[in-house]
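Working notes for the structure below.
The values are calculated or read from the model by the stated rules, or taken from the named source; none is laboratory data. For clarity, every value in this text was computed on a predicted model and none was experimentally measured. Cβ sites come from the backbone with ideal geometry, for glycine too, and all protein chains shown count toward neighbours.
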Amino acid sequence: MNMIIKALIPIYLIWGFNWVIMKLANNYFEPITFVTYRFVSGALVLLLISFIFKHSLPQRRFIPWIIITGAFQIALNSIIVQMCIQPLGAGFSAVLNYTMPIWVAVLAQFFLNEKLTQKKIVGIIVSIIGLAILMNIDITGNVNYIFIALAGAFSWAVSNIIFKLKLAGCDMIVYNTWQMTVGAIILVIVSILTGQDIGNWTAISALYVVYNGVLASALAFFLWSYVLLHMEAGKASVAVLAVPVVGVICGIIFLGEPITFSSAIGMIMILTGVVRVLKS
């Protein structure tokens, strides 16, 4: 458990602070363009590491599942999140995307024999309600986009289940390298087909891309795979709900965003739910 906590802490810090980076990057790049740069640079970093340390290609039995998880977790979920931000609002989109633990908990009961206990159910519900309060969401918007956003969360959940079922024996560097490479290729194709602008490149915007490629993608996804490998899928997926809490705190510290009574209540509820699930 100590090693899992040591992996979770940098995930919280890296992905949490990335909420600030993503907001600032919107001044330089269109959302899908930036996501594409993020995963292309992350894939290049991992490919370089694999080349330096002479990691082999994935075993044939793992390749179909790496392609599927790369398409679902990296490409599809990222594209859907960006699609839904404008019609639903950033807060509502984030809440819907972070319903992922609900889908994981349900799927894990059927495919991984993980028990969906009362403590898990209560913890997940408390965390999701806390997230909705924290993000101060306005539950309005095109119903079709609500279902699309939920489909993105489901695709993320399915990727986590596939990893536990089919990829636990795969070297984690090899898995993350090729999963991210598959996702990056799909995102490049989508960017070209949709005519995305290349963005405004400056020294600052380049640093945002580097942060996302090296830390928020290459390193953080490697750590996430480690956590998922060594924890129940349901518990691991709920543990990641602490990321929005860190993200909001980073926004307060680095962007001067206000802290409200409701946001404080939301953060407490999220952390209470996460702790309840992890202790179950």
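For (1) touching a residue at least 60 places away in the same chain (Cβ under 8 Å); (2) of a type in the set (S, T, N, Q), each residue gets a yes or a no:
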residue: GLN196; (1), (2): yes, yes
residue: ALA206; (1), (2): no, no
residue: ALA220; (1), (2): yes, no
residue: ALA242; (1), (2): yes, no
residue: VAL245; (1), (2): yes, no
residue: VAL248; (1), (2): yes, no
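Of everything listed in (1) of a type outside the set (D, E, K, R); (2) more than 23 Å from ALA153 (Cβ to Cβ); (3) surrounded by 15 or more Cβ atoms within 10 Å (Cβ to Cβ), the single unmet condition for VAL275 is (2). Listed by position, the helices (runs of 4 or more DSSP H) contained in segment 87-145 that have at least 2 residues being closer than 17 Å to ILE265 by Cβ, in contact with a Ser or Thr (Cβ under 9 Å, 6 or more places away or on another chain) and in contact (Cβ under 8 Å) with a residue 24 or more places away in the chain are 118-134. For GLY273, the test of being part of a helix (DSSP H, G or I) and more than 27 Å from THR36 (Cα to Cα) is passed.
Within segment 182-196, the residues that satisfy the criterion of being touching a helix residue (DSSP H, G or I) at 6+ places or on another chain (Cβ under 8 Å) and in a loop (DSSP other than H, G, I, E, B) are THR194, GLN196. Residues in segment 132-147 that are at pLDDT 75 or above and either at positive phi or of a type in the set (Asp, Glu) (or both): ASN136 alone. Counting only helices (runs of 4 or more DSSP H) that sit completely within segment 1-69, those holding 2 or more residues that are over 17 Å from the mean Cα position of the chain (by Cα) and within 19 Å of ILE204 (Cβ to Cβ) correspond to 2-25. Scanning segment 170-181 for residues that are touching a helix residue (DSSP H, G or I) at 6+ places or on another chain (Cβ under 8 Å) and either surrounded by fewer than 23 Cβ atoms within 10 Å (Cβ to Cβ) or small (Gly, Ala, Ser) (or both) turns up CYS170, MET172, ILE173, VAL174, THR181. Within the bounds of segment 232-250, is there any residue that is basic (Lys, Arg), surrounded by 22 or more Cβ atoms within 10 Å (Cβ to Cβ) and modelled with pLDDT of 90 or more? Yes, that holds for at least one residue.
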